[in-house]
Amino acid sequence: MASRGRWLISDTHPVTGQPVGVRIDPQPARRPEAITLTGRYGNVERLHPSRHRAGLWDAMRGHDKIWTYMAYGPFGDEDAFSSWLASRVELERWV
């Protein structure tokens, strides 16, 4: 991979000589660590359904328009929301 100024120059195919893109690191990236980001007005932390369910439900209940462009929701009651929220934790292993 060559660099000319701030532009990266594409590698070429060894047989055809055609540009094939810049080289990449074939090693997978390290999984992000679970950390809490603390700000002046709030925190960003790992989802804990048992701890976050009530506050999230209170904040979203009755605001059905926030779900318009999502593949899930709105939820008819707290039990349906709770089941969906618990399923989000299962997705963590795929991230």
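Restricting to segment 54-64, count the residues that are in a helix (DSSP H, G or I) and either touching a Ser or Thr at 6+ places or on another chain (Cβ under 7 Å) or of a type outside the set (D, E, K, R) (or both). Qualifying residue count, segment 54-64: 6.
When each of R88, R46, R51 is tested for being part of a helix (DSSP H, G or I), in contact (Cβ under 8 Å) with a residue 12 or more places away in the chain and not polar (S, T, N, Q), the lone residue that passes is R88. When the criteria are applied in full, R31 meets the requirement of being under 30 Å from I9 (Cα atoms), exposed (fewer than 11 other Cβ atoms within 10 Å of the Cβ) and out of contact with any Cys (no Cβ under 9 Å at 6 or more places or on another chain).
Restrict the check to segment 73-80 and report whether at least one residue is touching a residue at least 12 places away in the same chain (Cβ under 8 Å) and not in a loop (DSSP other than H, G, I, E, B). Within segment 73-80, one or more residues are touching a residue at least 12 places away in the same chain (Cβ under 8 Å) and not in a loop (DSSP other than H, G, I, E, B). Only one entry in E78, E45 is of a type in the set (D, E, K, R), surrounded by 11 or more Cβ atoms within 10 Å (Cβ to Cβ) and under 21 Å from the mean Cα position of the chain (by Cα), namely E45.
Rule-based calculations on the coordinates, nothing more; no lab input. Quick caveat, the model's predicted, so the values are computed rather than measured. Here the Cβ is made from the backbone with ideal geometry for all residues, glycine too, and neighbour counts use every protein chain on show.
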